[in-house]
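A short worksheet on the structure shown next.
Every read-out reported here was derived from the displayed coordinates using simple, explicitly stated rules and does not represent laboratory data. Everything numeric here is computed off the predicted structure, so don't read it as measured data. Here the Cβ positions follow ideal geometry from the backbone for every residue, glycine too, while neighbour counts run over all protein chains shown.
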Number of protein chains: 4
Amino acid sequence: MNKGQRAEDPGIGSSFEKPVDRLMSRDGSFRVERIGESSGLREGFVALVTMSVGRLVLTFVIGYLTMNLLFGSLYMIIGVENIGNADLGTLTGRWMSAIGMSVQTLTTVGYGSLVPSSPAAWLVAGVEGVFGILGFSLISAVLYARFARPKANLVYSEQGLIAPYKDGWSFQVRVANRRNTLMVEVEARILLVMADVDDQGERLNYYNLPLQIDKVTFMPLSWTLVHPINAESPLAGLSMADLTQRRAEFLVILKGMDEGYMGAIHARHSVRYDELVWGARYVRAFSVKDGATRLDLNKLSDFMKVDMPARLPA
Amino acid sequence: MNKGQRAEDPGIGSSFEKPVDRLMSRDGSFRVERIGESSGLREGFVALVTMSVGRLVLTFVIGYLTMNLLFGSLYMIIGVENIGNADLGTLTGRWMSAIGMSVQTLTTVGYGSLVPSSPAAWLVAGVEGVFGILGFSLISAVLYARFARPKANLVYSEQGLIAPYKDGWSFQVRVANRRNTLMVEVEARILLVMADVDDQGERLNYYNLPLQIDKVTFMPLSWTLVHPINAESPLAGLSMADLTQRRAEFLVILKGMDEGYMGAIHARHSVRYDELVWGARYVRAFSVKDGATRLDLNKLSDFMKVDMPARLPA
Amino acid sequence: MNKGQRAEDPGIGSSFEKPVDRLMSRDGSFRVERIGESSGLREGFVALVTMSVGRLVLTFVIGYLTMNLLFGSLYMIIGVENIGNADLGTLTGRWMSAIGMSVQTLTTVGYGSLVPSSPAAWLVAGVEGVFGILGFSLISAVLYARFARPKANLVYSEQGLIAPYKDGWSFQVRVANRRNTLMVEVEARILLVMADVDDQGERLNYYNLPLQIDKVTFMPLSWTLVHPINAESPLAGLSMADLTQRRAEFLVILKGMDEGYMGAIHARHSVRYDELVWGARYVRAFSVKDGATRLDLNKLSDFMKVDMPARLPA
Amino acid sequence: MNKGQRAEDPGIGSSFEKPVDRLMSRDGSFRVERIGESSGLREGFVALVTMSVGRLVLTFVIGYLTMNLLFGSLYMIIGVENIGNADLGTLTGRWMSAIGMSVQTLTTVGYGSLVPSSPAAWLVAGVEGVFGILGFSLISAVLYARFARPKANLVYSEQGLIAPYKDGWSFQVRVANRRNTLMVEVEARILLVMADVDDQGERLNYYNLPLQIDKVTFMPLSWTLVHPINAESPLAGLSMADLTQRRAEFLVILKGMDEGYMGAIHARHSVRYDELVWGARYVRAFSVKDGATRLDLNKLSDFMKVDMPARLPA
């Protein structure tokens, strides 16, 4: 039997055919494979905005090469004779002229050492110039959309702690803004997930863990989220072995505004039973120097062990 | 007499001179023709941002051709003699030079095989260069605004179900995010519309259908919206024939945030009486593999029939 | 003595040394002159974003001419001899070469009929090219920011009505979205302002007028805002003469989301005592055709007179 | 002993090893030094968006020069012989040709007096053209993001006042929008911070100061925030000496929407004990002329002294 108020399924699902390894990864993403995704221009754009930097650069490079090859071939097809000053001598020369013509048109540099000299060439060049501008407009839009999408840069303590609090104990995790901007109106919530596994598969139970302070007006320094483990807490009476056996996972959800963007931010983090320290307290990560505060992000995970019974009071 | 709490008119209107075919189409839009719409620069921009892709491309192509024709004509009017290296021999040659001059200026490629050679030509070219840059700036803005406008890509089960729920029945409809991004803080609401038609025209009645869960924190998988049909539900005691005769329409309204954008999303969907299955339950659309979840969007509409009386309990 | 609950000052101020003509103009702006405004790059940008289209075009044209004159002068100062192919013969020719050089560089067209031919010329050209790109980037940003700023295009009935409602009377004003996009989650509020003038100046009293429906989920058609004038209403017992003498002004405030933008919209409107019809009802502005609805915005202000006593019941 | 309800720590921290000079500076920023900040493309972008104008210009100039030097060197490495029309005579001439080639390519002006004349040159030029476009796209994005980030331009009275209010006293501070746009839906909050210092360091106490009006619908003029000092106020019974000794600091927090942006704005301000006037009232900063209002921002801080006891009533 569990103590504490059961929370409703937060939208992840509570019944699975087989055990799920970990609901949320440490960076707050869910491990879900999607079959039957749709395509379309908009989805392509969203994909460009959300993919990794490496893949994005690769996509751009391939796109740029493809466009030049495509229009270069078009100039070859209509004939390089349609390009003034083209090198007509060898096939290599012809291709170089065609590709050069394409490069200077697609980038809109237009040196003019090679120039369209027939209606057909003007037509291809007129189309390519537009593609060039549109293509680079698209790249601008993607770059801007990537950067402009409000995204927190939060850092969490590597471990969650079962830490002393007043006369009893608490679950604590520490968070700070890694970015040199101010986060304001920050709200925090912690959901505890504990699994029951039987032959039917896995049943997940969700519990809201009330926090000592769940909203701060500013977050210039680190913030320690504290869930006091009183008699109503679902953690009351449990031991580390219980948490391990039930594969406890603490989902940390933060909402707020980052003044570097002035947009809403929604950040997530997960602390699993094997990232939990039984009996410890965080060491202060900031100090005061010349009347100003100094926050050392490298100390965010620092803690010191304290004595603690093997089982939390019920 | 109807059971259930009547809701206020949600802004659509409750009294019509003649029956309205369907209030909302499946994609969530209303079929309203508007007479006396305003025009203006801003409205033109909004139109470009919200029109279909096909019409947008057509608009751009026509605009590009028109600009080149316009400025080509201007070069013809001031005389192609003002363009250095122009082909003055034939009328075709003169037009080709004028159009070529325009194309390379509008795209800002500026090969330089044709060049302004008089103050008049420099004036036209100086104006055209600005128009080119501004025009393509506008295109960038339109592209960006189209993509950046937060828009959900939700997919709904093709049918709504009257499905078993605990000891009784429920109205259910299933929804999933087709996009590979996470939707968070999603709220759902279902409005039932049933019509009374008499000689005066049509009177619409609105009912809020309370949901078992009406807000989820995350939506990584599919979400089944469940309205339990208890004695207070406006559906209590009704049969399929009743729903058909009263032209029942379920308006599904979802609000949330798509992390691909981090902006507010407002999505709508409509399930009409003829898209309803009387007695069925959805088949689970996700499975667990290697500890991770796999969601098959192609299975979102899959259901299996169950036995059910012709009339819901009152 | 007034009936009705006095509302707090909504931020406009309640005490003035002399009577204020009209608090809010019909387009929702306040007539406030500001002395001591700040300047700065950001404020300049905000000014470009919010000024009228005419002034914006003028500003751009003057800016473009100024830049060309400036850089043209620079080329003259370093000497047109530094430009290859320049016309060195006459002063006019020299200026034309300098200006042409500037135009093709600022627009980044770069025909190349005129080319930098010395380090000094390359320096000026290198700087001007950057200014050109930055300048046009700024124009793009201004254009985008102007269009992207969510702005409602609402139209209101020209008059507010004192209209029949159930067994009594009501204050009504009608509003519709002129744009062919959907407005959702629209909230309305009406504030009545009535003045008391004495030797000390003017004292304004504010009253919240409760509405029959103050929030709609969608607004595809017109929406009639209805304040029922019951015994608690501040309008109870008043006559048209009272409203005129106290210079009654109804401030209409709408908040919502326009799906053409998916951003928050805040719209205002004002109905003054001399825009009020004593005893009338609105004529329906939409009709049903082929099962779809047709909204005629030209009929939005249409009403028909009804008999009404000179004084509202107290 | 303090009167008044203690507020929770608003996220700044309540316990410091040494006294903190001032929690918040007058412009609303916190003095926090951060050790261990992360880097990355996104953080670089955020840095460009939030740095001072001077540093931004310097960064751009250095970036532009570096790129030209880099690509100029590349043209030197592959050999200026690969550039048509290059000045091969002297080393200076070669460098000038290489740099000129780079400038016209990076800005996409492309005069064509210098042209790529070999595959190697076309390759470098093709890459540089892309870098040029991308670089300037990035600059556009930075410019736009800087300007588009909603940011209030509020001005506060230089001093806070202990001012007469009804039969007693109040803490007052005056604020106005310096920008000629309308701020709407503005909410205000004042937090009082008073310190207790002992050997352990400094302990901060936070108090919410309830305001007479804490939300206004519009803010076209100045707004005076008024905290009435009644028996429940934490200021009751205190003297100027008490406030000084406890290093009182009033944190003013405003939220709202600026219609120049239509985005949420979060503004902060701090009034320290040494910016407080004991016994004074603000002089009205606006006047009425021709039925319209005129706000003089230069008078925002104007006050006149009034007699007042040395200690507030308890």
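I need the Debye-formula profile for segment C:151-305: one equal scatterer per C-alpha, no solvent, reported as log10 I(q)/I(0) at q = 0.16, 0.19 1/Å, two decimals. Each listed q maps to, in turn, -0.91, -1.21. Structure remark: mean-square fluctuation, Gaussian network model of chain A, C-alpha springs under 10 Å; the largest value among A:140, A:170, A:157 belongs to A:140. The charge dipole of chain D, taken about its Cα centre with unit charges on the Cβ of Lys, Arg, Asp and Glu (plus for the first two, minus for the last two), comes to roughly 680 debye. Computed over chain A with a Gaussian network model linking Cα atoms closer than 10 Å, the most mobile of A:119, A:150, A:19 is A:119. Ranking of B:83, D:253, C:213 by neighbouring Cβ atoms within 10 Å, starting from the fewest: C:213, D:253, B:83.
Let me know the Kirkwood hydrodynamic radius for segment B:41-148, please, with Cα pairs as the basis and the value in Å to one decimal.
Roughly 14.8 Å, rounded to one decimal.
Give a quick list of GluC sites (Glu not before Pro) in segment B:146-233 that DSSP marks as loop, anything other than H, G, I, E or B, with at most 12 other Cβ atoms within 10 Å.
Values: sites: B:158, B:185, B:187, B:202, B:232; in loops: B:158, B:232.
Qualifying residues, ordered by number: B:232.
Check each of the chymotrypsin sites (Phe, Trp or Tyr not before Pro) in segment C:22-108 and keep only those in coil by DSSP with at most 15 other C-beta atoms within 10 angstrom; list them in order. Here no chymotrypsin sites (Phe, Trp or Tyr not before Pro) fit, given the DSSP loop and packing criteria.
Spatially, segment C:26-91 and segment D:236-314 are offset by 39 Å when compared through their Cα centroids.
Summary for residue D:91: label point 7 Å along Cα→Cβ; distances to the equivalent points in the other copies, ascending, 4.4, 4.4, 6.2 nm.
If R0 is 60 Å, the Cβ-Cβ spacing of residue A:25 and residue C:241 corresponds to a FRET efficiency of close to 0.25.
Considering only Cα-Cα distances, which of the following residue pairs are longer than 23 Å: B:255/C:299; D:151/D:215; A:215/B:215; C:18/D:299? Cα-Cα > 23 Å for B:255/C:299; rest within. Using Cβ point charges alone (K and R +1, D and E -1), the dipole size of segment B:223-314 about the Cα centre works out to roughly 100 debye. The alpha-carbon positions of segment D:35-80 define a convex hull whose volume is 101 Å³ per residue.
When only the Cβ of Lys, Arg, Asp and Glu is charged (+1, +1, -1, -1), the dipole of the protein assembly as shown relative to its Cα centre reaches about 620 debye. The angle separating the long axis of helix C:91-106 from the principal Cα axis of greatest extent in chain C is about 60 degrees.
Averaging the inverse of every distinct alpha carbon separation and then flipping it gives the Kirkwood radius. What is it for the protein assembly as shown, in angstrom units? Provide the component values of the computation, followed by the final result.
Values: mean 1/r = 0.0286 Å⁻¹.
One decimal place: 35.0 Å for the Kirkwood radius.
Across identical copies of the chain, residue C:131 has label-point separations of 2.5, 2.5, 3.6 nm, listed in ascending order, with the point defined 7 angstrom from Cα along Cα→Cβ.
Just to verify a number: FRET efficiency for residue A:301 and residue A:52, C-beta to C-beta distance, R0 = 22 Å, to 0.05?
0.25
Kindly put B:224, C:90 in sequence by how many other C-beta atoms sit within 10 Å of each C-beta, fewest to most.
Details: B:224 20, C:90 9.
The fewest-first ordering by Cβ neighbours comes to C:90, B:224.
The rotation axis taking chain D to chain C passes closest to the C-beta of one chain D residue; that residue and the distance in whole Å read D:112, 2.
Across peptide C:117-125, what mean number of C-beta atoms from other chains lies inside 10 Å of a residue's C-beta?
Details: counts 4, 2, 6, 0, 1, 8, 2, 0, 6.
Mean inter-chain Cβ contacts per residue within 10 Å come to 3.
The angle between the Cα long axis of helix C:53-78 and the main principal axis of chain C comes to about 20°, on a 0 to 90 degree scale.
Go ahead and run the numbers for FRET between residue A:8 and residue D:73, Cβ-Cβ distance against an R0 of 60 Å, rounding to 0.05. That pair, residue A:8 with residue D:73, gives E of 0.40. Remark: label point of residue B:237 defined 7 Å out from Cα along the Cα-Cβ vector; separations to the same position in other copies 4.6, 4.6, 6.5 nm, ascending.
Kirkwood radius, chain C, all distinct C-alpha pairs, inverse of mean reciprocal distance: 24.2 Å. Between the C-alpha center of segment A:177-215 and that of segment C:172-189 there is a gap of 39 Å. If every alpha-carbon in segment B:82-234 counts as one equal scatterer, what log10 I(q)/I(0) does Debye give at q = 0.09, 0.12 1/Å? For segment B:82-234 at q = 0.09, 0.12 Å⁻¹, log10 I(q)/I(0) is -0.60, -0.70. Within 10 Å of the Cβ of each residue in A:251-260, the mean number of Cβ atoms contributed by other protein chains is 3.
Quick one: net charge around residue D:185, please, counting Lys, Arg +1 and Asp, Glu -1 for every other residue with C-beta under 10 Å from its C-beta. Counting the neighbours of residue D:185, the net charge comes to +2.
Let me confirm one metric for peptide B:42-52, namely the mean number of other chain beta-carbon atoms within 10 Å of its residues' beta-carbons. Numbers along the way, then the final one.
On the way: counts 8, 6, 1, 6, 9, 4, 1, 5, 6, 0, 0.
Shielding by partners across B:42-52 averages 4.
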